[in-house]
Structures are given as C-alpha cells and as structure tokens.
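Provided herewith is a single structure, encoded as structure tokens, for subsequent inquiry.
The values are calculated or read from the model by the stated rules, or taken from the named source; none is laboratory data. Predicted model only: the values in this text are computed from it and were never measured. Methodologically, a virtual Cβ is constructed for each residue, glycine included, from the backbone with ideal geometry; neighbour enumeration extends over all protein chains shown.
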Amino acid sequence: MHPEKSLSLNNRRARFSSCVDLSDHSIQFKAPPIMLSQLEQVKPQFQSSPTFIQGVLEGLTDGILILSDQGEWIYHNYYAHCICQKLNQGEPVLHQVPDVIWRSCQALIDSRDVYSSQPVVIESEVTLGTSDIYRIRVRWLVLEDSQRPYLVVLLEDRCQSLQNQAIAETILYDLTPRQAEVWLLYRAGFKYQQIAAELYITQNTVKRHLKDIRMKQRMAMDSNYEPDYAV
C-alpha cells in the first residue's frame, strides 16, 4: 500500500425513519440484507454441521466477520482476513478488529436500547484509495443455542463487486471481446482518453463501442426494443 494513502471514513447520513446520530461519524440504518438474515434460519439438519456452515461462509465473495459484543474475534472467512489486513494498513491482523470496523460495531451496540425491537444494520464506507473502497455492514446475529448475541460484520470490496457486476453485464449484453474490454474499463471509472490509451485505440473508437454497447444494453433490458440502424 502506498504510504501516502490515508484512511478516511466517508460521511453518511443516518436514516431510520428519522435522522439519528449515535457516534462521531455518520451511520445509516436500514433493513438487513436477506443473506445475513438467512444465517439465523439454517434448517435444523444443518445446524449441527460446522462443515456445512463454514463451507457457506468461506464461499461468500464478501468478507464476513463474527464478533462478540466485547470485541472478541469469533470467526472470519478468508476475504474478511484480507480486508482487515488492508484496513490495518498492512499490519498483521492477529485477531485485532480494525478501529474503523469497531466504530460501526460500537454504534450498533449503542443503538441496542433505542431499537431493541427492530432489526438494525449499521452501514459505513471506508476509502483507502481510488481502487480501495470498502463497505462495512454490521448487524446482530442471535442464535437459539447461544446465551448472548453476536455481531455479524459484512465487508464488501466495492471495486471487486463492481468488476464482478461488469463481467456479468458483458455476458448479459452479449458483448464481443473488444466491447467487453471497453466496458470493463468504463465501469471501472476510466475516461474515454484512458480507455483509448489502455487499448491502443482512438477515442472515437471508444465512443463507437460504447454506443453499440448501450444499444445491446437496451435490447437486453427491453425485449420490445428495436434498434435504429439509420445513419
């Protein structure tokens, strides 16, 4: 990691019917993602199978971290370990929760008395650089056989998620290999001039490819769309 890159927590507006500020940084309340909710709804035949649960968690493309309300490190998958190491500025993790993650956890803990009967998710975003942006979501995980709740932290690599989405779009829109190259760079935030330099083509060629891609996009999204081939 470049030594001049600094850690910053993007401000976000706290929303849960009304604005709430529970800490020194903005947080956002919203309904929990379905995937996290389903962690509490595993069918009985699988609840006693640690191998099954671990296989599911390790298979996620996002990092998942499970903590106690005292900050004790209970579980992490591979991606969570990698992201935590980046958030620690390259320092060894050693089961030490990065401060930027624990602040979101603390905000959830502080909200427990206020929203005790409602599911709450704390969301924040961390920017290390133009290609290192991470979304943090924290919610409670209550298991029937546990005497205390746990904190589930979902860590999303925003750039990786965007890249995965762009790859899926190249298939959905039936793009040619060259169109796919242009689209992946465009979705990654490259400007026309940068795409042209990267692929050794002119900016006009980039524009033409993007025009064709937009047409394919509309065709994929609207089965009734008829392209206009008139010059």
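Take the stretch 163-176 and flag every residue that is of a type in the set (A, V, I, L, M, F, W, C) and either in contact with a strand residue (DSSP E or B) (Cβ under 9 Å, 6 or more places away or on another chain) or not in a helix (DSSP H, G or I) (or both). Walk me through how you get there before you give the answer.
Taking the stretch 163-176 and keeping what is of a type in the set (A, V, I, L, M, F, W, C), we get 166-168, 171-172, 175.
Correct list: Leu175 only.
Which condition number in (1) buried (at least 16 other Cβ atoms within 10 Å of the Cβ); (2) at pLDDT below 90 is the one that Val206 fails?
(2)
Name the residues in the stretch 86-122 that are hydrophobic (A, V, I, L, M, F, W, C) and free of Cβ contacts under 8 Å to residues at least 12 places away in the same chain, would you?
Leu94
Looking at Ile136, Ile171, which is the one that is under 25 Å from Tyr78 (Cα atoms) and modelled with pLDDT of 90 or more? Break it down into steps so the answer makes sense when it comes.
Working: Ile171 fails: under 25 Å from Tyr78 (Cα atoms).
Checking each option against the conditions leaves just Ile136.
Could I ask something else about it? Restricting the search to the stretch 63-85, which residues are outside any strand (DSSP E or B) and either free of Cβ contacts under 8 Å to residues at least 40 places away in the same chain or surrounded by 20 or more Cβ atoms within 10 Å (Cβ to Cβ) (or both)? First the steps, then the outcome.
To start, the set of residues in the stretch 63-85 that are outside any strand (DSSP E or B) comprises 69-72, 77-85.
Scanning the stretch 63-85 gives Gln70, Gly71, Glu72, Asn77, Tyr78, Tyr79, Ala80, His81, Cys82, Ile83, Cys84, Gln85.
Considering the stretch 158-200 alone, what residues qualify as being of a type in the set (A, V, I, L, M), under 17 Å from Met221 (Cα atoms) and exposed (fewer than 15 other Cβ atoms within 10 Å of the Cβ)? Spell out how you get there, then give the answer.
Step one: of the stretch 158-200, the residues of a type in the set (A, V, I, L, M) are 162, 166-168, 171-172, 175, 180, 182, 184-185, 188, 195-197, 199.
If we keep only those that are under 17 Å from Met221 (Cα atoms) as well, we get 166-168, 171-172, 175.
Matches in the stretch 158-200: Ile167, Ala168, Ile171, Leu172.
Ok, one more. Quickly run through the stretch 129-154 and pick out the residues that are in contact with a Cys (Cβ under 7 Å, 6 or more places away or on another chain) and assigned to a loop (DSSP other than H, G, I, E, B).
Ser131, the sole residue that qualifies.
Report, by residue number, each residue of the stretch 100-131 that is more than 20 Å from Arg158 (Cβ to Cβ) and acidic (Asp, Glu).
Scanning the stretch 100-131 gives Asp110, Asp113.
Next question. Would you say Ile101 is buried (at least 21 other Cβ atoms within 10 Å of the Cβ), in the same structural domain as Tyr78 (by TED's automatic domain parsing), outside any strand (DSSP E or B) and on the phi < 0 side of the Ramachandran plot?
The answer is yes for Ile101.
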